[in-house]
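Notes follow once the structure below has been shown.
Each reported figure results from applying straightforward, stated rules to the coordinates on display, with no laboratory input. Quick caveat, the model's predicted, so the values are computed rather than measured. Note: ideal-geometry Cβ built from the backbone for every residue, glycine included; neighbour counts use all protein chains shown.
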Amino acid sequence: MTTLNTLDIPLARDSVEPIYKQLARYFRLQIESGRLLPGDRLPPTRDLARALGIGRISVVNAYAELQEEGHIAAHPGRGTYVIGARPASSGRPAAWSLPGAAAFSMREMTRLARRPGVIAFSGGTPSEEFLPVEALRQAINIVLDRDGASAVDYEETEGYPPLRAHIAEYVRSLGIQCHSDDVLITGGAQQALDLVVQSVLGEGDVLLTSNPTYLGMLDIAHVRRVIPVGVPMDHDGIRLDLLEAAIQERRPGLIYVAPTHHNPTGTVMPIHRRRQLLALAKRYEIPILEDAVYHELGYRGAPPPPLKALDEDRLVLHASGFSKILLPGTRTGYLIASGPLRDRLVRVKQAADVCTPGLNQRAMHVFLASGALAGHLNRVRTALRQRCEAACEAAERYLPPGTQWTPPTGGLYLWVRLPDEGPTAAELYITAIQHGVSYAIGTLFHTDGSGDRYLRLNFSAHPPERIEEGIKRLGAAWQDWRATYDSSVAKRAPIL
Ligand SMILES: Cc1ncc(COP(=O)(O)O)c(C=O)c1O
């Protein structure tokens, strides 16, 4: 819990800026810079007014402004708490907001979610029980016995050649025409996305993406100072009519999409829309960055082929990796790219970190070459299907009437819309933590700060009975918030 020294709050009484605005500005900066953290309590209005020697109305107005912006939430009877920094808008971020308000908030949500006893649905990784630790141990031993010091020496920047060859063969099985020279091994898929943004876009360029989109891509955009512009989605993914309008209006340098088991919505883009998207990209000559990290995690049949498999004009850069299906901590991802752009990507990768650790790449290669991936994936998919069913059943039973979600056919997440009556996801967050459950707040995934009724539940993280308990707690938190809020509305006396 951060403590606040009220004497540090600078107020210029002779300024043309009203006192309440100065106070709001001060708190906003504390929150967005991370000096005040989600869950921190703000001083009661009466105490703060007295300490600062100002009228209470100034504090009330400042808090009202911060609440309206989504920075703080008032819990009747319990006080006023910081929720988090508002995600940066689609405009170019102010320098002080780097490395991205969204990243900060996600970090803080994760911190709160680590409290003992909290059932965390907030993370982005599969359950630890899915990670094949024993197989990794054996693979590392094999590599060290076989390769000795070369396993821990610098690796080629492009990646360990046998792993590149294996990945080329694997993506060919998905329909992607690929030579091992086209494979660049990256530090997770995250680095693959970042390398493309750095290689294709310049500062101030526009990146078109779905709204909502992957939070990590918004972080990259903020850090690299490119402008993420969100295009609304429907049940089939990014809407192409609106995408075309956005292309004409914003002249983007890159389109980023995750067509299969989209994070956070779970959407799968059908094949006809994939083809239309490619035709659009061709017409306007815009490269597409395809993020396929959840491609293998379908538990209701195989998804359509990746965009890259349908790409006859070499407009698609295909990013994927082994974090969601195997071992996130080994940081092994890959990018499929060819032509002059590939050389540029390699140079940017070299400047970033020289190479992805060779020991990890070689161990990954031993694991993949053993043929163990298929069996592993089958087990993971079966468990995910059961967990997804448990989440949907519990949502049906425990979440309030009017809550909406679409059962996903793959991936790790349930994307939930809370009813219009009642708290937003951010308002509910602290109460949910108090009830022992956490989730990811929907606004974080949006390019424009919208989506305040949405939350994302990572159901993959727990066995079915824990999922049920967690969602039950979420329903109870909602009821509790609603009851407190309603009774406070009924009882509320004028504040001053
Ligand atoms: C859509 C998406 N892309 C990329 C990544 C990054 O994956 P990696 O851990 O391989 O860097 C994630 C991780 O959450 C993701 O959800």
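Things worth noting here:
- Percent antiparallel among DSSP beta bridges (both partners in the chain, rounded to 5): 60
- Label-point gap, in nm, between Ala483 and Leu242 - each point 7 angstrom along Cα→Cβ: 3.8
- Placing pseudo-labels 7 Å out from each Cα toward the beta carbon at Ile9 and Asn378 gives an inter-label distance of 6.3 nm.
- Restricted to Cα atoms, the range 242-362 shows a radius of gyration and a Dmax of 15.7, 47 angstrom.
- Separation between Cα centres of the range 379-411 and the range 145-178, rounded to whole Å: 36
- Rg and Dmax of the chain, based on Cα coordinates, read 24.1, 76 Å.
- Working ranking of peptides 337-345, 152-160, 371-379, 405-413 by packing, defined as the average number of other Cβ atoms within 10 Å per residue, highest first, is 405-413, 152-160, 337-345, 371-379.
- Shape metrics for the range 132-372, restricted to C-alpha atoms - Rg then Dmax, Å: 17.7, 58
- Computed magnitude of the charge dipole of the range 6-82 (debye, nearest 20; Cβ of K, R +1, Cβ of D, E -1): 260
- Net charge dipole, the chain: roughly 840 debye, given to the nearest 20, about the Cα centre with Cβ charges of +1 for Lys and Arg and -1 for Asp and Glu.
- The trypsin sites (Lys or Arg not before Pro) of the range 236-332 meeting both criteria, a DSSP state outside H, G, I, E and B (loop) and at most 16 other C-beta atoms within 10 angstrom of the site's C-beta, are Arg300, Arg314.
- Proportion of all alpha-carbon pairs of the range 6-82 beyond 18 Å (%): 33
- Dipole magnitude of the range 132-372 about its Cα centre (Cβ charges: Lys, Arg +1; Asp, Glu -1), debye to nearest 20: 280
- Computed P(r) (all Cα pairs; the range 368-496; 5 Å bins; percent): 2, 10, 18, 20, 16, 12, 8, 5, 4, 2, 1, 1, 0, 0, 0
- Look at the dipole of the range 338-496 built from charges on Cβ: of Tyr429, Gln386, Gly358, the Cα furthest out on the positive end belongs to Gly358.
- Of the DSSP H helices in the chain, those whose Cα atoms cover at least 27 Å axially and whose Kyte score averages -1.0 or more: 372-398, 464-491
- Of the residues Ala49, Ala12, Leu29, the one whose Cα sits farthest toward the positive end of the charge dipole of the range 6-82, with +1 on the Cβ of Lys and Arg and -1 on the Cβ of Asp and Glu, is Ala49.
- Inter-part distance where the range 291-355 and the range 412-446 are each reduced to a Cα centre, Å: 31
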